[in-house]
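A short worksheet on the structure shown next.
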Amino acid sequence: MRLESTNWQLSQLVSQISNGAVKLPEVQRGYVWKPIQVAAFVDSLYRGYPIGSLLFWRSDVRPLTREADIDAVPGESGAPLYLLDGQQRLTSLHRVFNDHEQAQIVFNVETERFQNQSSSTVKDARWVKVFDIVDGRIDLFELTFALSERLPGLDRNDIHKRLARLEKIKERTVYLEILGEFEYEEVSEIFIRVNSGRPLKRMDLALATLSARRPGTLAQLETEAAHWAERGWGDLDLTFLARALTAAVLGRGLTPASNNQLLGKSDEELDAGWQTVQRGLRHLVPLLKENLGVTHSSLLKSVVVLLPLVVLLGERSDEPMEAETADAILYWFLAATLRNRFSGSTDTKLGQDIPDARKPDGVNRLLDRLGLPEGRLEVTPRDLVDRSTGSPYFMMSFLAAKSQGAHDWWSGAAVSVAAEGGHKLEYHHVFPQALLRRGGEYSRTEINDLANLVFIAGRANRGIGAKRPGEYLAAMGLSDAELLAHSIPGDRSLWEEDRYPAFLARRRELLAEAMNAILDRLRPQWLVRGGDAGDPMDVSGSKDEWEKALLRIENDIEYADRPLASAHGDWEGPVQEVSITEVI
């Protein structure tokens, strides 16, 4: 039969997961539900609300599978069912029914509410753990009597009815559709169609498509993600890698048409795209670490900014990179980050930047597209007003401190993301929060202003407490040079609470100077249509300059003839070929 239907009890489904009779095919995404969603699902079961059907696939062929995110290790069964739709619900259910540490859902016998267990619910007699009820090892009559003794204001019959109703959720039946006689590719297409109208991210569907088109892709991506996580770059995770692979294969960001286009790619194209991603990352990460000081991915506001550079470095020749080119790449990275290049219309902008990155003069084009005034990015003190840890300038302020040789005030070690063994940047308020809150004069935004943050380890921070800067800075005996390394003004009069706004203003000036020193050191002198690049139509230069100008014009014409293809990925029309001779 191609399609059959049946009904199973929830308890039966949970046991089937435990014994390995239900498995997850590789096309499934990972488990993502939060405890609040699990609690809401159990609440729906308790109230008898519809919970939707489940879709399975039965096959004699054993496809690649992924591990379910549960505590139990599933056994092996003769002919398992592969779950295509309903993973979040079934995994949540298995977790609740098996006392998973991240699914400690509790029930309030008075209000009939569900939530994740907390320290307050543990102490409150009105809350009982759902697992204790559905597990069946607790006598409901004894529990009802005990609760009524502790909660005399509640009717004993109401307590028992509610507990019995909760216990019966394991007997709820759910409608199952089971596919049979379908090939893996067709089942994958069904999975994508079923989920296309759901609140899944485009990246989840792209990952499913890649897994369907090229079995083993998921394991390959997970291995690569683990490689980078071990090196402090945990943000290069499964989602990022899948997006990078899609970008390398399609040459742009994701669009509604991306899944069909991925399905149409050959094994050779997918293999080449993966080689681009791996090669690009192995060139890019060391460049960021060694040449700029971005030692961990936690410094990045978003890893999307890396995608054009992954393609650029992944496809360039093996010839040694000139220092100026390396600097230009880092300059674009900083400029794109500070200008929030991908904060909106992300995939459209990737559709512009990735084709640019593939041109012979890719770095020039990327920089040119940013539209920097006179080819130069300059940070002003005003740019830093009302900025804090969520700003791209936060990373830049760390790089400024690092470039100026700033050291931790406690250990004397150079400032680092992993100062105490972790991968999270630690910082301290120069004017402690408790100190500024006393008078109630300053808002949270003013207190957490970027100009009030300095990068020191937690041990030094705890030693400072709520002391005034004029007190603890003077006690440390820091030299003017050591203060300046952290962009702290040496004017002691600015270290008093009543001068806090003036302190912020002066420190923004020092931070801007330090940031601009980094940018100016990296800024290339050959920005296209900016700085020293000159006018591409100016023929007064040398033969070499003339040839470079012609190359830029030719590339511009080629790109201009297919704006829809590069920006949106929906246009499949012909590309007009225009020779440079015809243009001239």
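Bear in mind these aren't lab numbers, they're just calculated from the coordinates by the rules spelled out. Everything numeric in this text was worked out from a predicted model, so none of it was measured. Here Cβ is always computed from backbone atoms with ideal geometry, including for glycine, and neighbour counts include all displayed protein chains.
Some observations on this one:
- Straightening the chain between Arg444 and Arg358 buys 26.5 nm, computed as 0.36 nm per residue apart minus the Cα-Cα spacing.
- Computed from the Cβ-Cβ distance with R0 of 25 Å, the FRET efficiency linking Asp520 to Ala414 stands at 0.65.
- Mean Cβ count within 10 Å, highest first, over the residues of peptides 288-295, 346-353: 346-353, 288-295
- Fewest-first ranking of Glu319, Glu222, using other Cβ atoms within 10 Å as the exposure measure: Glu319, Glu222
- Cβ-based exposure ranking for Thr144, Thr389, Thr65, in which fewest neighbours within 10 Å come first: Thr389, Thr65, Thr144
- Peptide ranges 373-384, 275-286, 89-100, 241-252 listed from the most packed, as the mean C-beta count within 10 angstrom indicates: 241-252, 89-100, 275-286, 373-384
- Trp8/Asn108 FRET efficiency (R0 41 Å; Cβ-Cβ; nearest 0.05): 0.90
- Peptides 110-116, 436-442 ordered by average Cβ neighbours within 10 Å, highest first: 110-116, 436-442
- Of Lys34/Lys402; Lys265/Lys289; Lys34/Lys359; Lys34/Lys170; Lys289/Lys349, pairs whose Cα-Cα distance is over 32 Å: Lys34/Lys402; Lys265/Lys289; Lys34/Lys359
- Segment Ala219-Asp491, length gained on full extension (0.36 nm per residue, minus Cα span): 92.2 nm
- Dipole-positive endmost among Leu238, Trp332, Gly344 within segment 202-371 (Cβ charges, Cα centre): Gly344
- Distance between the pseudo-spin-label points of Arg165 and Glu183 (7 Å out from Cα toward the beta carbon): 5.1 nm.
- Among beta bridges identified by DSSP and lying wholly in segment 1-198, the antiparallel ones come to about 75 percent.
- Each other residue within a Cβ distance under 13 Å of Glu4 adds +1 if Lys or Arg and -1 if Asp or Glu, for a net charge of 0.
- Full-extension gain in nm, Asp267 to Ala146, via 0.36 nm per residue minus C-alpha separation: 37.1 nm
- Spin-label model, Lys289/Val122: points 7 Å from Cα along the beta carbon direction are separated by 4.0 nm.
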